[in-house]
Amino acid sequence: MLKRFQRLLIFLLTCSVVFSAQSAPADDYGTHGNALSISPAATHINIGPHLQRLRDEHQTFTIGQLIDRDDISWLAADGKTPNLGVDSAVFWFKKSLRLDAQTTDNYLLEIAYPALDYVNVYFAHDNKLITTYHSGDHLPFTKRPIDHRNYLFPVPQIEQGGTIDVYIRVQTEGAVQVPVFVWKQQAFWEQDQMQLMGHSFFIAILITIALYNLMLYLSIRDTAYLLYVCYIVCLTLSQMGLRGLNYQLLAPQSPYISERMLVVSVGLAVFFACLFARQFMALPKTRPRLDIFLLLIAGAALLQALGGTFMPYAPVLKAGILITALACPALLVVGLVQWLNGVKVARFFTLAWFVYLVGQFTITLSKFGLIPRTPLVEYGPEIGASLEVILLSFALADRMNEDRIKRNEAQQQALIHEKAARQAQEHALAVQNRANEELEVRVDARTNELQETLKQLSVVNEKLHSLSNLDGLTQVSNRRAFDQALNREWRRCAREGAELSLLMLDADHFKLVNDQHGHQAGDECLKFIAHILMSSVRRPGDFVARYGGEEFVVIMPNTTRGGATVIAERIRTRIEAEDLLFEGKAIPLTTSIGVAAAVPNQTMSETKLIELADQALYQAKQQGRNRVVQGPELPP
């Protein structure tokens, strides 16, 4: 019976991962002035990276002032999802949207973080306010323009080529996270069905395991099972609260209950987890100091949960985050200590808390924009929680199985003669040894196969990576590789206080070469210039790339502006001196080169260095071409 249930749980978990791995449609957008263009081919656009933000601590601005005034200093949003931490001030966000072509599709604006107290959205056109929405989890659920766990707002219809300005006002006592998307309405509801199916599946897994362990508690009256059931219930409520499901399904008319349910369930989940761990791992008898430590955490969590019913939300939330951040590693350490001390059931316990922490860690990295926001990452907490409760169920089942085996062995020892028992033990040992030997042979064979496969995969990945970073025509690095290399060298030189130089080259009269000799001759010219650059720049740290069209760039770390100018002049002279032979004809070439140098620091970015090199190149063109021009050297 136990093995069948374990197989069922593994099957449910596998299905849940399949649901969570559904790929999201790719963004398709461009920019037009200050407006973000919406392509008819795009199913959704993440406008979070393009938002501008304004912190209004004293609530001095109104929507009318923001629309009419041009002297307000807006800041660019940080990362793919604006994440400003726990801050009770008012924050404004804005962005202009532009429809590229005529379409009959309706669009929705989604703010995909349900734990925001007040969310006001304003749409303006031609500096006139046209639509206003008021929402947030401090308002009844029925006040929302669209019934959904996240905040959804219909985007007003605009004419082809027109722009609409979006203003978002956010105030909350919790974390200020504002992931903003524009969706085609049909595409949103299609992906939302998949998300809702995934959430429901995870909740079903947790409820199934809770009911199963409740039945076990009613059968064997072991308190550990009851504590585990209470932990699963609180964990389920906390996960539903984070997804906005508590507000939508359990308390739609009571924002206060919905908000308090989250902090209370988090505190109670930690409380029951600590009580379950100390009893399950037998800490009072084996590790009294760890037992006292877990009791202190459990007491703090209980106080936080009780305070969550009446105390101000912000300090209770911060206390809950702190206690949870302390409890999860502590429970992991408890499992590791008991595992190292030979407690067999500690294996599942340790793995359970490890996968739960991994799930929470991935969603945290995504919120800070450090890893991509994918469906698998978004389901990280549910996947981690599901794996955790499944592994803990296995641990409980393993302990119950061990107790049963011990009872059977005790009964057999009382009934079976010592000699017969010894012979049976020796026979069992021989069988086990043979099985172990066969298993070791199979494991070695499979390990060798896996290592060979991984080796081949590594070689293929290296080739693919190399091809993705090369320009197909000139066989030098492409723009993507250049951006990565410049960012890497910029950060390294910033750490070392070293000077970083950049050359930007442009083939003179390249269009004339194409017009007179054909595009094949133009391609040969680009190859010719790339060859000269690669043979002229030989230091290990230097980097040559095709920037675009007939432009090339050279990164020269630990090089002064004067040294870079010498190299640039050498390159220019070689290109001028060596004519390109194409179909028996000599094609003279010259190039203009801009030189820029800087000592990187935290007040500037690498884009400034590109801008200076580009300006110097422009000056070289204006001064008659076929020359090297130095840009200004930025102070350190």
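If you filter segment 126-150 down to residues that are touching a residue at least 24 places away in the same chain (Cβ under 8 Å) and of a type in the set (Ser, Thr, Tyr), you find that the one that is farthest from residue 70 (Cα to Cα) is 142. Selection of first residues in segment 197-218 that are within 18 Å of residue 243 (Cβ to Cβ) and buried (at least 17 other Cβ atoms within 10 Å of the Cβ) and of second residues that are at pLDDT below 75 and of a type in the set (Lys, Arg), restricted to Cβ pairs under 9 Å at least 6 apart or on distinct chains, gives the following pairs, ordered by first then second residue: 199/243. Checked against (1) modelled with pLDDT of 80 or more; (2) within 17 Å of residue 264 (Cα to Cα), residue 245 passes all but a single condition, namely (1). Applying the criterion of being in a helix (DSSP H, G or I) and open to solvent by less than 30 Å² (accessible area, probe 1.4 Å) to the residues of segment 490-509, the residue that is farthest from residue 611 (Cα to Cα) is 493. Residue-level analysis places residue 193 among those that are part of a helix (DSSP H, G or I), farther than 22 Å from residue 48 by Cβ and open to solvent by 40 Å² or more (accessible area, probe 1.4 Å).
Scan (1) under 27 Å from residue 35 (Cβ atoms); (2) modelled with pLDDT of 85 or more; (3) in a helix (DSSP H, G or I) for the single condition residue 183 breaks and write down its number. Exception for residue 183: condition (3).
Scanning segment 156-180 for residues that are under 24 Å from residue 99 (Cβ atoms) and modelled with pLDDT under 85 yields 157, 158, 159, 160, 161, 162. If you go through segment 594-617 one residue at a time, do you hit one that is buried (at least 21 other Cβ atoms within 10 Å of the Cβ), hydroxyl-bearing (Ser, Thr, Tyr) and either touching a residue at least 60 places away in the same chain (Cβ under 8 Å) or in contact with a helix residue (DSSP H, G or I) (Cβ under 8 Å, 6 or more places away or on another chain) (or both)? Checked segment 594-617: no residue is buried (at least 21 other Cβ atoms within 10 Å of the Cβ), hydroxyl-bearing (Ser, Thr, Tyr) and either touching a residue at least 60 places away in the same chain (Cβ under 8 Å) or in contact with a helix residue (DSSP H, G or I) (Cβ under 8 Å, 6 or more places away or on another chain) (or both).
Among the residues of segment 306-328, those that are open to solvent by 80 Å² or more (accessible area, probe 1.4 Å) and modelled with pLDDT under 80 comprise 318, 321. When residues in segment 287-305 are screened for being more than 16 Å from residue 261 (Cβ to Cβ) and open to solvent by less than 20 Å² (accessible area, probe 1.4 Å), 4 of them pass.
Evaluation of residue 535 against the conditions (1) open to solvent by less than 10 Å² (accessible area, probe 1.4 Å); (2) not in a strand (DSSP E or B); (3) not basic (Lys, Arg) shows that the sole unmet condition is (1). Count of segment 474-499 residues, restricted to those that are farther than 20 Å from residue 526 by Cβ and aromatic (Phe, Trp, Tyr), is 1.
The values are calculated or read from the model by the stated rules, or taken from the named source; none is laboratory data. Just so you know, these numbers come straight off a predicted model, no measurement behind them. When we count neighbours, we look across all protein chains shown, and the Cβ atoms used for this are built from the backbone with ideal geometry, even at glycine. For the accessible areas, the whole protein counts, side chains as well, though only heavy atoms, and no ligand, DNA or RNA atoms are used. Shrake-Rupley method; radii C 1.70, N 1.55, O 1.52, S 1.80 Å.
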